[in-house]
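Enquirer: The structure follows.
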2 protein chains.
Amino acid sequence: MIFQQEIILKPIGFVKTIAIGDEVRDKTRTSQLVISKELTDALDGIDGFSHLFVLFWLHRTSTKQRKLLKVHPRRRKDLPLLGIFATRTMTRPNPVGLTLVELVKVEDNILTVRGLDAFNGTPVLDIKPFDSWDTAETAKVPEWWTKLKKEKAQKL
Amino acid sequence: MIFQQEIILKPIGFVKTIAIGDEVRDKTRTSQLVISKELTDALDGIDGFSHLFVLFWLHRTSTKQRKLLKVHPRRRKDLPLLGIFATRTMTRPNPVGLTLVELVKVEDNILTVRGLDAFNGTPVLDIKPFDSWDTAETAKVPEWWTKLKKEKAQKL
């Protein structure tokens, strides 16, 4: 098996948001996906779906960070040291972010979405409609994950 | 806003399956993700999750297909002509596939997964654990999607 050496992507648009720092992780916030004008027709019919996956380029991840194999989730030393593929950390070999968002509004080449945890100016790579094949009713997660979720709920 | 012109990814591994043609869409089948040996440590702890998202490179999509803006889902003329971002077609500007799979087994650098609709030799770009942020309990899908799902159920 010979590996294709390089795969080249081009952004289809970018994220527009006024959220800064930790504010981007607030799931109630809306932001905009400003898609290239020449791709506007490629959005036709997207409003038939209530939820979308957004794939975006984690452009703040450095080349050095892309080589990391293990991290503590959210850099917390009290949580186990894990392989990066067991986490959603931005430090991964191919730093592509994946977030489920609610589609609020479509206007020409601009989508307003709720729940996107991406910074202003983040390159958008793809948008995929969410459907029932994308979910598992009885998914198992590890203890550290449940602990983090509980803490987040208490903060809100 | 200046667009980053090119984003370069490298495969982290590849898909191994004996399924050919439409068989790859059979959700009960298992296949293997053969991850680069030097990334084996990056899989530590992944077995704490029952389900994963696999991001993979749709390497059969041609440069010409990447420029298409609209398609009929599954090439069916009886279904509406839709923008490619309203579908999961492989003909998209950045042909990255996204599929939720069940994690069956982890052995060193090889993951056995169930439900991956990717051909043998497909480059794998990323693996992300699935958790409850990745799902929406009350997601809306359009009529054409429901029609396709019903047809699939009848075939099984």
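The values are calculated or read from the model by the stated rules, or taken from the named source; none is laboratory data. Remember, predicted model here, so these are calculated numbers, not experimental data. Neighbour counts run over all protein chains shown; Cβ positions are idealised from the backbone, glycine included. Keep in mind that these areas ignore ligands, DNA and RNA; they rest on the heavy atoms of the full protein, side chains included. Shrake-Rupley method; radii C 1.70, N 1.55, O 1.52, S 1.80 Å.
Enquirer: With respect to the numbered conditions (1) modelled with pLDDT of 95 or more; (2) touching a strand residue (DSSP E or B) at 6+ places or on another chain (Cβ under 7 Å); (3) not hydrophobic (A, V, I, L, M, F, W, C), which one is the sole condition not fulfilled by B:GLY48?
Expert: (2)
Enquirer: Of a type in the set (A, V, I, L, M) and free of Cβ contacts under 8 Å to residues at least 24 places away in the same chain: which single residue out of A:ILE8, A:ILE18, A:ILE110 fits that description? Step through it out loud before you land on a result.
Expert: Numbers: A:ILE18 fails: free of Cβ contacts under 8 Å to residues at least 24 places away in the same chain; A:ILE110 fails: free of Cβ contacts under 8 Å to residues at least 24 places away in the same chain.
Of A:ILE8, A:ILE18, A:ILE110, the one residue that is of a type in the set (A, V, I, L, M) and free of Cβ contacts under 8 Å to residues at least 24 places away in the same chain is A:ILE8.
Enquirer: Further question: I'd like to verify a number: residues in the range A:72-102 that are assigned to a strand (DSSP E or B) and either in contact with a helix residue (DSSP H, G or I) (Cβ under 7 Å, 6 or more places away or on another chain) or among the aromatic types (Phe, Trp, Tyr) (or both), how many? Step through it out loud before you land on a result.
Expert: Within the range A:72-102, the subset assigned to a strand (DSSP E or B) is A:82-83, A:96-102.
Remaining after also requiring either in contact with a helix residue (DSSP H, G or I) (Cβ under 7 Å, 6 or more places away or on another chain) or among the aromatic types (Phe, Trp, Tyr) (or both): A:82-83, A:100.
Qualifying residue count, the range A:72-102: 3.
Enquirer: Can you name the residue in the range A:78-99 that is more than 9 Å from chain B (Cβ to nearest Cβ) and open to solvent by less than 20 Å² (accessible area, probe 1.4 Å) and is also farthest from A:ALA42 (Cα to Cα) among such residues? Full working, then the answer.
Expert: Going through the range A:78-99, the residues more than 9 Å from chain B (Cβ to nearest Cβ) turn out to be A:78-79, A:89-91, A:97.
Next, from what is left, pick out any that are open to solvent by less than 20 Å² (accessible area, probe 1.4 Å): A:79, A:91, A:97.
Numbers: A:LEU79: 42, A:THR91: 31, A:GLY97: 21 Å.
Checked the range A:78-99; the qualifying residue farthest from A:ALA42 (Cα to Cα) is A:LEU79.
Enquirer: Ok, one more. Are any residues in the range B:100-115 open to solvent by 10 Å² or more (accessible area, probe 1.4 Å) and over 15 Å from B:PRO11 (Cα atoms), and if so, which ones?
Expert: Keep residues of the range B:100-115 that are open to solvent by 10 Å² or more (accessible area, probe 1.4 Å), which gives B:100, B:102-110, B:112, B:114.
Across the range B:100-115, the qualifying residues are B:LEU100, B:GLU102, B:LEU103, B:VAL104, B:LYS105, B:VAL106, B:GLU107, B:ASP108, B:THR112, B:ARG114.
Enquirer: OK, next. Among the residues of the range A:109-156, write down those that are more than 9 Å from every other protein chain (Cβ to nearest Cβ) and in a helix (DSSP H, G or I).
Expert: A:THR146, A:LYS147, A:LEU148, A:LYS150, A:GLU151, A:LYS152, A:ALA153, A:GLN154, A:LYS155
Enquirer: Among the listed residues A:ALA153, A:ALA139, identify the single one that is free of Cβ contacts under 8 Å to residues at least 12 places away in the same chain, crowded, with 18+ Cβ neighbours inside 10 Å and over 13 Å from the mean Cα position of the chain (by Cα).
Expert: Values: A:ALA153 fails: crowded, with 18+ Cβ neighbours inside 10 Å.
Result of the check over A:ALA153, A:ALA139: A:ALA139.
Enquirer: Checking A:ARG66 against (1) within 11 Å of chain B (Cβ to nearest Cβ); (2) in contact with a strand residue (DSSP E or B) (Cβ under 7 Å, 6 or more places away or on another chain); (3) surrounded by fewer than 21 Cβ atoms within 10 Å (Cβ to Cβ); (4) not hydrophobic (A, V, I, L, M, F, W, C), which test does it fail?
Expert: So A:ARG66 meets the others, but not (2).
Enquirer: Give the range A:46-71 a look and list any residue that's basic (Lys, Arg) and either under 16 Å from A:SER31 (Cα atoms) or in a loop (DSSP other than H, G, I, E, B) (or both), or say none. Break it down stepwise before answering.
Expert: The first filter runs over the range A:46-71 and keeps only residues basic (Lys, Arg), leaving A:60, A:64, A:66-67, A:70.
Correct list: A:ARG60, A:LYS64.
Enquirer: Oh, and also: Mind counting the residues in the range A:6-23 that are outside any strand (DSSP E or B) and either in contact with a Cys (Cβ under 6 Å, 6 or more places away or on another chain) or more than 7 Å from chain B (Cβ to nearest Cβ) (or both)? Give the steps one after another, and end with the answer.
Expert: To start, the set of residues in the range A:6-23 that are outside any strand (DSSP E or B) comprises A:6, A:10-12, A:17-23.
Then drop every residue that is not either in contact with a Cys (Cβ under 6 Å, 6 or more places away or on another chain) or more than 7 Å from chain B (Cβ to nearest Cβ) (or both), which leaves A:17-23.
Residues meeting the conditions: 7.
Enquirer: While we're looking at this one, here's another question. Kindly evaluate A:ALA118 against the criterion of being out of contact with any Leu (no Cβ under 6 Å at 6 or more places or on another chain) and open to solvent by less than 10 Å² (accessible area, probe 1.4 Å). Before you say what the answer is, go through the steps one by one.
Expert: On the way: out of contact with any Leu (no Cβ under 6 Å at 6 or more places or on another chain): yes; open to solvent by less than 10 Å² (accessible area, probe 1.4 Å): yes.
So A:ALA118 fits the description; yes.
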